[in-house]
Each structure stands twice: as structure tokens, then as C-alpha cells.
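Reviewing the structure listed below.
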Amino acid sequence: MPSLPNPVRAGIRAVGLLLARIGWVGVRRAMRTAELAWPRVVTGMARMSKATVDVAMVGLAVGPAAIAGVGVATPFWTLAFMIGGGIAGATISLVARHYGAGHRAAVDRAVKGSAVLAVAVTLPLAVLFWAVPGPLIALVGPGDEAVRLGADYLRVIGWAMPFAALSLVASRALVGAGDARTPMAVRAGGALVNVALNGVLIFGLGMGVRGAAFGSLLSNAGVAAVFMWGFSKGHLPGLGTLPLKVAVHGAAPTRQTLRRLVRIGTPLAGANAVRGGGQFPLLAVVGLFGPQVVAAFVIALRVRDFLNTPGWGFGLASSSLAGQALGRRQAGRADAYAHEVLRFAVVVYTIGAAAAFAGARPLAHLFTSEPAVIGLSVGLIRAACVSAVFWGVLSASVGALRAGGDTRWPFYGNLLGLLAFALPLAYAGAVSVGGLPALGTSALRGALVLEMAVPAAVAYGRFRTGRWRRRAPVRQAAG
């Protein structure tokens, strides 16, 4: 496949070469990391743009209540990415190591098993969100109008969950086999379709939040269909031959395969659920400040999610490159990749966060024209920028841990950061505690930072022990 030069690729390569010049990374490893990472960064931008576009478009078309409603509904349906991300994290771990070891039948079983688990877990949630969206949104309580709009959005968007989970599994399987460009092309195409559909449905047909939901549902279904067709044929028109081909009528995944996927994926799904699902109680606390603060907080979360897109590339590059090295029993090479990808990632995150910090006010204007919401958003966006740098440490550290199947510690870190730090601090901002006056919105800024700083410290500490290199050796029978 010919090279596809673009600003993202050029920028990541430039940072890699600069770091190599000052001796922080090796040139060859930096360029290999960059080539694997940049398509995943673009893929991350594509996926994050869907949620960001939904919030921005409904905010401009309907108002702050729509931002709050869609913002509260988004963590519900993105459970697909939290749970599916855990399963897909196990997928890349097994695929990278079996692919590196040349065990193609085991790769086939890992992909099939991941797809089965992804649908089995997300389909019941889609039914639940269709049946009772209103009471679920009301649990967070951002206001009557926001609850109504959020329920309209969730009732439709919930059906996108199985498709989103399948797309995650397919993307991670290809990255595990060293192909990050195919997922980039397919999912970027889906994002463009999503934006076009949103424009027609929200502004052209006046469907408001339901238009945003239908646009996301249709684009996610289309992306999943493309991946399924490509895996069954072993190629995609215009993109060439895929490194993986799944035998549709071949052997079913074994119980041992499913057990390994569950063992590796459950802690990752748990960590994702704590970080993403933690938005439910966090948004409930933010709701105590009123609808305008909820809208501003949601805007800050969307900006932070977008700033995290390098984690898609660097975390998965670490999992793939270190995982393949472990599959060949080259622990030293795996360690070198993991450490250098971490340095590389943190520098890229810092550059992006600094740019967003400086442009916080123009970013807020992209979501709303309400002066009060814009004023609140600026400080929260800047706190989100600081938080994003810690997310970079977390993503790269988890990528290495995932390569070795060592996935429990990120879960512990996310749980600690949310329950012991972010939630108590946010609550102290809204309510007087122990006779002390409420801290106000400054507490929300601190909560955004601590929510990522604590799990980053835990995951990095575990990574530094090096124990991830010695876990779960590859066995062909384990497929």
C-alpha cells in the first residue's frame, strides 16, 4: 500500500526524529512506532469526532440543554467502547503474540472469540437503553429538558453499541497483526459519513438530537459491515490485502480461547468502565451546580477525549510491537519499545495539550454561543488539558502492560482515582463539607486532573517493575 503523507504522520515523525536526535529514543524504533501509531491517531480522531460533532451540532442547533442531555447520554452508549475496549484489548494481546509466533489458527480463534463476546455483552445493553432511556438519564438528573433530550438520543444510539464493539475488535486485531492503516481508512470514512448524515438530519430535516443519534447509528453499522466483509474475504477494495483472514466456516473459538480473552479483557473492561462509567456519578455531582455547568463540563470532557487520540496510536503501538517481541521471546526488545513509546507519547500529548490550553476560548465557541457557558468552559477545558498529559502516561503504560497480559493494575488505579480523589473533590465543590464552604467550580477543575493523574501513577509504577514482561508466555494450544 503506498505511503499516505499527511500532517498527522508528518508531525508524529518529526517529533520522533527530534527525540531521536536528543537521545530519548532510537531512530529505527521511533520510525516504526510512528508508522504504526499515526494511522491509529487518525482513527481515534475519527471516532472521537463522532461524539464531539454530536455535542457541537446539537449545541448550536438546540442549545445548552441539548449539550447536557447528549453529554449525559453519551457515557451510557459508550459502554460499548468501555466493554468492547476491554475485549479488544485482549484481542490485540493474543493476536499480536500469536501472529508474531506464527500461530495463524490461534489468531483466527482469538478474533472469532472476541466478536462473540463483544456482541453477547453489548446487545442486552442496547435493548435496555431502548426500553427505559428516560429513567436512566434521570439518574444523573441534569434538568427536565436535558433528561427528555438525552432520552431521545439514548433510545436510538444504544443500537449502535454492538456495531461499535465489533469495529473495535476488528481494528485491534488488525493492529495486532501490524496493520494500522486499514482501520484508519475504514473508520475515518465512517466519521465523514457520520458528519454528513448529522448535517442532513439535524439541520436539514430538523431532527435535533434524534438526528445526531441516527447519524451515529448508521455510520457505526456501516463501519462494522465493511470490517466483516473484509475479514471474510481477506481484502478490501482500494485498501488491498489484509494480514488476517477469518475462516467463516472454520473452527469455532475454544473454551480456552474464551477464558483467556475474559481473563485478559475483564480487568481492562473494568478499568474502562471505572474511567468512563465514572462519568455517571461525576456528572450527577456536576448536576448539583446547574445545567450551565453541566454543559461546560461536557464540553471539557469532549475536548479531553479528543486530546487523548494519540493514546490510540501509542498505546496500541506499544501493545503490538512489545507484544510481537514477547511472542518471539525477545524481552529486552519488548522493554525497549515500551519505554521509548512512553517517552514519545508523553511529548506528543504535551504538545497537543499546550495548544488546546492556549486556544481554550475559541474551542468553547465551537460548541455554544451562550456567553455564560463559554466563560465556565474555558477554565474546565484548561484543566482537561493538564489532565490529558497524565492520560498520555496512562495510555502508554497500559499499552505495555496489555502486551504482557498484565491488566489488573490499571483497573485498580482507575478505581482509586475516581472514588478516592475525583468524586470527593467534585462533591466538595458543590456542597459544604464539615462546616467548610463549598469550593465551587475550582473543585471540578481539580477533579478532572486527579481523575487521570492517580491512575497514571499506578499504571506507570506497575510498568516500571517490569513484571509485565514475564507474564503469560505464548502457547499455540492456548489460541
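The values are calculated or read from the model by the stated rules, or taken from the named source; none is laboratory data. All values reported here derive from a predicted model rather than from experimental measurement. When we count neighbours, we look across all protein chains shown, and the Cβ atoms used for this are built from the backbone with ideal geometry, even at glycine.
Does residue 209 satisfy the condition of being surrounded by 22 or more Cβ atoms within 10 Å (Cβ to Cβ) and in contact with a helix residue (DSSP H, G or I) (Cβ under 7 Å, 6 or more places away or on another chain)? Considered against the rule, which asks whether it is surrounded by 22 or more Cβ atoms within 10 Å (Cβ to Cβ) and in contact with a helix residue (DSSP H, G or I) (Cβ under 7 Å, 6 or more places away or on another chain), residue 209 comes out as yes.
Condition test on residue 81, is it crowded, with 24+ Cβ neighbours inside 10 Å, under 30 Å from residue 401 (Cα atoms) and in contact (Cβ under 8 Å) with a residue 12 or more places away in the chain? The answer is no for residue 81. When 93, 114 are checked against the criterion of being in a helix (DSSP H, G or I), of a type in the set (Ser, Thr, Tyr) and closer than 14 Å to residue 162 by Cα, 114 stands alone in meeting it. Taking the criterion of being among the β-branched types (Val, Ile, Thr) and under 30 Å from residue 144 (Cβ atoms), the residues of segment 283-330 that qualify are 285, 286, 293, 294, 298, 299, 303. Is it fair to say residue 100 is in a helix (DSSP H, G or I), under 19 Å from the mean Cα position of the chain (by Cα) and at pLDDT below 75? Criteria not met by residue 100. Among what's in segment 173-214 and is touching a Leu at 6+ places or on another chain (Cβ under 7 Å) and free of Cβ contacts under 8 Å to residues at least 24 places away in the same chain, pick the residue that is nearest to residue 34 (Cα to Cα). Among those residues, the one meeting the criterion is 197. The helices (runs of 4 or more DSSP H) located wholly in segment 315-409 that include 2 or more residues which are closer than 30 Å to residue 178 by Cβ occupy 331-358, 371-403. Applying the criterion of being surrounded by fewer than 20 Cβ atoms within 10 Å (Cβ to Cβ) and hydrophobic (A, V, I, L, M, F, W, C) to the residues of segment 323-345, the residue that is farthest from residue 390 (Cα to Cα) is 331. Could you list, in sequence order, all residues of segment 349-398 that are in contact (Cβ under 8 Å) with a residue 60 or more places away in the chain and aromatic (Phe, Trp, Tyr)? Correct list: 367, 390, 391.
No other residue among 394, 415 is over 20 Å from residue 288 (Cβ atoms), at pLDDT 85 or above and buried (at least 23 other Cβ atoms within 10 Å of the Cβ) apart from 394. What tally of residues in segment 427-451 results from selecting those that are touching a Phe, Trp or Tyr at 6+ places or on another chain (Cβ under 9 Å), β-branched (Val, Ile, Thr) and not in a helix (DSSP H, G or I)? So the count comes out to 1. Note on segment 3-33: residues that are assigned to a loop (DSSP other than H, G, I, E, B) and over 23 Å from the mean Cα position of the chain (by Cα) amount to 8.
For segment 418-432, a residue qualifies if it is at pLDDT below 90 and crowded, with 19+ Cβ neighbours inside 10 Å, and the qualifying residues are 418, 430. None of 281, 237, 243 is farther than 21 Å from residue 174 by Cα and either among the polar types (S, T, N, Q) or modelled with pLDDT of 75 or more (or both) except 281. Residue 72 meets all of the listed conditions (1) farther than 24 Å from residue 316 by Cα; (2) more than 21 Å from the chain's Cα centre (by Cα); (3) surrounded by 24 or more Cβ atoms within 10 Å (Cβ to Cβ) but one, namely (2). Only one of the numbered conditions (1) surrounded by 17 or more Cβ atoms within 10 Å (Cβ to Cβ); (2) more than 21 Å from residue 407 (Cβ to Cβ); (3) out of contact with any Phe, Trp or Tyr (no Cβ under 8 Å at 6 or more places or on another chain) is not met by residue 349, and that is (3).
Answer with yes or no whether residue 419 is in a helix (DSSP H, G or I) and either of a type in the set (D, E, K, R) or more than 27 Å from residue 12 (Cα to Cα) (or both). Answer is yes for this residue. Of the helices (runs of 4 or more DSSP H) lying entirely inside segment 122-218, the ones with 1 or more residues being more than 25 Å from residue 88 (Cα to Cα) and more than 19 Å from the chain's Cα centre (by Cα) are found at 133-140, 144-157, 181-198. Considering segment 26-49, and only residues there that are surrounded by fewer than 24 Cβ atoms within 10 Å (Cβ to Cβ) and of a type in the set (D, E, K, R), the residue that is farthest from residue 298 (Cα to Cα) turns out to be 28.
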